[in-house]
Structure formats: C-alpha cells, structure tokens
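A short worksheet on the structure shown next.
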Amino acid sequence: MHKLNNHSLFLLSLNRFCYDVGRIISNKYHLTVNERNALIILSNIEIDSVKELSGYLSISKTNISKVLSSLEKKALVLRIFDKKDKRFIQLLLTEKGKLTSNQVADEINELLKEKLSRLPGQIGEEIRKLIEENQKLITNYSFKLQKTK
C-alpha cells in the first residue's frame, strides 16, 4: 500500500475545503454550483455570448442556457437578445444579482480566512499572514479577469 505524501494530502484537503465552501454558499443563497460560478464570472467579466460563458465555466451551451434561465427567474440576471440575431445576447447582472454576487464573494473570503487560519503550527501562522496581506491587496485594488482569446 502506498502512503500519501504531504502534497497529495494538501490537495485532498483543498478539494474538500472547496467542496464544503461551495455547499455552504449554494445552500445559503439557493444557487447551484453553476449558478454561483456564473454570477462570479458575470460580476468580473463582460460576457458577449453564451458560448463565451460556457467556456469559462466548462459546461455546455445547453446547460448554460438552463443556468441563465434559472438566474433570470431568480431576478439575478438579465439576458438582452439582439433583435437581428438571437444568437447574440448581452448578459447583465441585476441590482439583486450584483448584491448577491458581492455577498457570495465576501462570504467565500470569510470562510477561507476562518478555515485556513485554523491550521496548526507554522503553516497556520504563514497562512494567517498571507490572508492579511491579500486582504490589503483586495481592499485597495479592483481586479477584473482578463478575457480569454
């Protein structure tokens, strides 16, 4: 039987952490994983098409359409179709969508700080320092994801 090394254990822990945070956020805000991720992307990138959004989320255009329909029903997203060509749409977060997206991002950050800062010993101390430094960076600068080509 092979023993897992520290790197493997770290990756498993990170995966579990991401799953737990995702579940907490999804349950609290009544969002599926794809809805939550779409909100985060739409709050950071100007998306020009369903195809582009499906690329960011790595899900099919059919599933993206379902996600967008659900987000519209929840009054979080507006889809504005081009009158000449229905394939082209403009995706906009509503005020409720912007608020929800900001709340989700803040909560993810708080959960990250809470869980990671509880790690024992030197690694816990290093992560606490890293979180504090990143908080300053995030607070002082606005980051936007760059569009993929």
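The values are calculated or read from the model by the stated rules, or taken from the named source; none is laboratory data. These figures come from a predicted structure and were not determined experimentally. No Cβ is skipped: glycine too gets one built from the backbone with ideal geometry, and neighbour counts run over all protein chains shown. Areas reflect the complete protein model, heavy atoms only, side chains present, ligands, DNA and RNA absent. Shrake-Rupley method; radii C 1.70, N 1.55, O 1.52, S 1.80 Å.
Looking only at the range 95-108, decide whether some residue is assigned to a helix (DSSP H, G or I), over 15 Å from the mean Cα position of the chain (by Cα) and free of Cβ contacts under 8 Å to residues at least 60 places away in the same chain.
Of all residues in the range 95-108, those assigned to a helix (DSSP H, G or I) come to 95-108.
From what is left, the residues that are over 15 Å from the mean Cα position of the chain (by Cα) are 95-96.
If we keep only those that are free of Cβ contacts under 8 Å to residues at least 60 places away in the same chain too, we end up with 95-96.
So far as the range 95-108 goes, yes, one or more of its residues are assigned to a helix (DSSP H, G or I), over 15 Å from the mean Cα position of the chain (by Cα) and free of Cβ contacts under 8 Å to residues at least 60 places away in the same chain.
Just to verify a result, which residue in the range 75-98, among those that are open to solvent by 70 Å² or more (accessible area, probe 1.4 Å) and charged (D, E, K, R), is nearest to residue 48 (Cα to Cα)?
The first filter runs over the range 75-98 and keeps only residues open to solvent by 70 Å² or more (accessible area, probe 1.4 Å), leaving 78, 80-81, 83-84, 86-88, 90, 95-96, 98.
Next, only the ones that are charged (D, E, K, R) stay: 83-84, 86-87, 95-96, 98.
Details: 83: 15, 84: 15, 86: 12, 87: 10, 95: 19, 96: 21, 98: 18 Å.
Checking each candidate, the answer is 87.
Looking only at the range 21-30, which residues are at pLDDT 85 or above and either open to solvent by less than 50 Å² (accessible area, probe 1.4 Å) or not hydrophobic (A, V, I, L, M, F, W, C) (or both)?
So the first thing to find is which residues in the range 21-30 are at pLDDT 85 or above, and the list is 23-30.
Passing the criteria: 23, 25, 26, 27, 28, 29, 30.
Answer with yes or no whether residue 61 is open to solvent by 70 Å² or more (accessible area, probe 1.4 Å) and touching a Ser or Thr at 6+ places or on another chain (Cβ under 8 Å). I'd like the intermediate steps shown before the answer.
On the way: open to solvent by 70 Å² or more (accessible area, probe 1.4 Å): yes; touching a Ser or Thr at 6+ places or on another chain (Cβ under 8 Å): yes.
Yes, satisfied.
Pick from 123, 89, 80, 47: which is closer than 23 Å to residue 14 by Cβ and hydrophobic (A, V, I, L, M, F, W, C)? First the steps, then the outcome.
Details: 89 fails: closer than 23 Å to residue 14 by Cβ; 80 fails: closer than 23 Å to residue 14 by Cβ; 47 fails: closer than 23 Å to residue 14 by Cβ.
Just one listed residue meets the conditions, 123.
Where in the range 31-92 are there helices (runs of 4 or more DSSP H), lying wholly inside it, with at least 2 residues that are more than 18 Å from the chain's Cα centre (by Cα) and at pLDDT 90 or above?
Working: elements: 33-44, 50-57, 61-73.
Helices (runs of 4 or more DSSP H) meeting the threshold: 61-73.
Taking residue 130 as meeting all but one of (1) under 17 Å from residue 14 (Cα atoms); (2) of a type outside the set (D, E, K, R); (3) at pLDDT below 75; (4) open to solvent by 70 Å² or more (accessible area, probe 1.4 Å), write down the number of the exception.
Unmet for residue 130, out of (1) under 17 Å from residue 14 (Cα atoms); (2) of a type outside the set (D, E, K, R); (3) at pLDDT below 75; (4) open to solvent by 70 Å² or more (accessible area, probe 1.4 Å): (3).
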